[in-house]
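Participant: Take this structure first; my questions come after.
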Amino acid sequence: MLIFSGVCAAQEVPFASFERAVREEKGGFAGDKSKLSKVFQDERNRLGKDFESELWKYLGDDADKHFWIAAFLTSGSYLHGNPAMPGLAFQIRTRNLKLLEGRTDNRSRGRAVSINRHLAISAKLEGKQTDAIMYRDKAEAIFAKDRDGLWAYVSGQTDYSRCVYENIEGSIDACDPNPPPKERIVSAGWMNKRASNYKNPPYPSGVAKSRAGRVDVRILVGGDGSVISAEIIRGSAELHQAAIEAAMRLKFGPTILSGVPTKVSGWVSFDFRP
């Protein structure tokens, strides 16, 4: 019986366990990526020397798989003790861009911005200055055409990556790849429904009716549920102050992780009508 089980395990289709994990995870790749990346790295170890060849077969023409697997091969929080594979990730991201060509939806274009930024940073770290500038310019050209529509789909950057990216044409000697750990902040997305006292604020007096509309605000919530800071993302300038004041009045339930009060970042929107 034990021998039979061992043979079955050895004959398991490459990445079948990972595919099951993605399918069973709520939201798929949008779910718990720490858990998914652990299953992925376990499969990487199991496949050994066959990992790369089998990975390309698994990726196929699936743009989502390309996007997240590249991250699983480079991000420290997704490696689970395995070494990073920046060269392979670079190839995967390059092909990912090919798969996204011609797509006009915001999600695909936002990802194209993120991928080009990743490639720019990788090229800079490899000393390929011309390539780094090329990828950076492609990313910012896409982003500049529709910042309001794309910002929600563009990946964030670590302090080190941001430093490298902002110094593509200069020296990165001051960029610290191992900065001291920062306070943990959880990203929560849109938070309107999570506020216990959410309501649209009254229309500001003295503001023309033609300026009516929606204002989006980025907020940082403290561990006790109170808003620490608020920053305008988009909306009529005449409504900015009223939106900031409304955001600062919001109250949320406290967020406790491992017994520690934790800050939460996210967005809220207000609809101003006269």
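The values are calculated or read from the model by the stated rules, or taken from the named source; none is laboratory data. Being a predicted model, the structure only gives us computed values, none of them experimental. As a convention, Cβ positions derive from the backbone with ideal geometry for all residues, glycine included, and neighbour counts pool all protein chains shown.
Participant: So is Ser171 exposed (fewer than 15 other Cβ atoms within 10 Å of the Cβ) and either in a strand (DSSP E or B) or among the hydroxyl-bearing types (Ser, Thr, Tyr) (or both) or not? Give the steps one after another, and end with the answer.
Facilitator: Working: exposed (fewer than 15 other Cβ atoms within 10 Å of the Cβ): yes; either in a strand (DSSP E or B) or among the hydroxyl-bearing types (Ser, Thr, Tyr) (or both): yes.
Against the criterion (exposed (fewer than 15 other Cβ atoms within 10 Å of the Cβ) and either in a strand (DSSP E or B) or among the hydroxyl-bearing types (Ser, Thr, Tyr) (or both)), Ser171 qualifies.
Participant: Could you go through the stretch 201-212 and let me know if any residue there is under 24 Å from the mean Cα position of the chain (by Cα) and either under 28 Å from Tyr153 (Cβ atoms) or in a strand (DSSP E or B) (or both).
Facilitator: Kept after step one, since they are under 24 Å from the mean Cα position of the chain (by Cα), are these residues of the stretch 201-212: none.
For the stretch 201-212, residues under 24 Å from the mean Cα position of the chain (by Cα) and either under 28 Å from Tyr153 (Cβ atoms) or in a strand (DSSP E or B) (or both): absent.
Yes/no matrix, rows are residues, columns are (1) surrounded by 12 or more Cβ atoms within 10 Å (Cβ to Cβ); (2) under 27 Å from Arg162 (Cα atoms):
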| position | (1), (2) |
| --- | --- |
| Asn178 | no, yes |
| Ile185 | yes, yes |
| Asn197 | no, no |
| Ala208 | no, no |
| Gly222 | yes, yes |
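Participant: Residues in the stretch 188-196: is at least one in the same structural domain as Val268 (by TED's automatic domain parsing), assigned to a loop (DSSP other than H, G, I, E, B), in contact (Cβ under 8 Å) with a residue 40 or more places away in the chain and among the hydrophobic types (A, V, I, L, M, F, W, C)?
Facilitator: yes
Participant: Gly102 fails exactly one of the following numbered conditions: (1) more than 26 Å from Val39 (Cβ to Cβ); (2) in contact with a Phe, Trp or Tyr (Cβ under 7 Å, 6 or more places away or on another chain). What is the number of that condition?
Facilitator: For Gly102, the exception is condition (2).
Participant: If you don't mind, another one. How many of the residues making up the stretch 187-215 are out of contact with any Gly (no Cβ under 9 Å at 6 or more places or on another chain) and either aromatic (Phe, Trp, Tyr) or within 30 Å of Ser75 (Cα to Cα) (or both)?
Facilitator: Residues meeting the conditions: 2.
Participant: Can you pull out the residues in the stretch 224-273 that are farther than 21 Å from Ala152 by Cα, in contact with a Gly (Cβ under 8 Å, 6 or more places away or on another chain) and either of a type in the set (Asp, Glu) or surrounded by 15 or more Cβ atoms within 10 Å (Cβ to Cβ) (or both)?
Facilitator: Selection gives Gly225, Leu239, Phe252, Thr255, Thr262, Phe272.
Participant: I need a count of the residues in the stretch 103-157 that are exposed (fewer than 15 other Cβ atoms within 10 Å of the Cβ) and hydroxyl-bearing (Ser, Thr, Tyr).
Facilitator: Residues flagged as exposed (fewer than 15 other Cβ atoms within 10 Å of the Cβ) and hydroxyl-bearing (Ser, Thr, Tyr) within the stretch 103-157 amount to 3.
Participant: For the stretch 146-158, name all the residues that are in contact (Cβ under 8 Å) with a residue 12 or more places away in the chain, out of contact with any strand residue (DSSP E or B) (no Cβ under 7 Å at 6 or more places or on another chain), part of a helix (DSSP H, G or I) and over 10 Å from Val113 (Cα atoms).
Facilitator: Gly149, Ala152
Participant: May I ask you to list the residues in the stretch 76-102 that are free of Cβ contacts under 8 Å to residues at least 12 places away in the same chain, surrounded by 13 or more Cβ atoms within 10 Å (Cβ to Cβ) and under 19 Å from the mean Cα position of the chain (by Cα)?
Facilitator: Here is the first cut: in the stretch 76-102, the residues free of Cβ contacts under 8 Å to residues at least 12 places away in the same chain are 76, 83-84, 87, 91, 98, 101-102.
Narrowing the set further to residues that are surrounded by 13 or more Cβ atoms within 10 Å (Cβ to Cβ) leaves 84, 91.
Once the filter is applied, which keeps residues that are free of Cβ contacts under 8 Å to residues at least 12 places away in the same chain, surrounded by 13 or more Cβ atoms within 10 Å (Cβ to Cβ) and under 19 Å from the mean Cα position of the chain (by Cα), the stretch 76-102 yields only Ala84.
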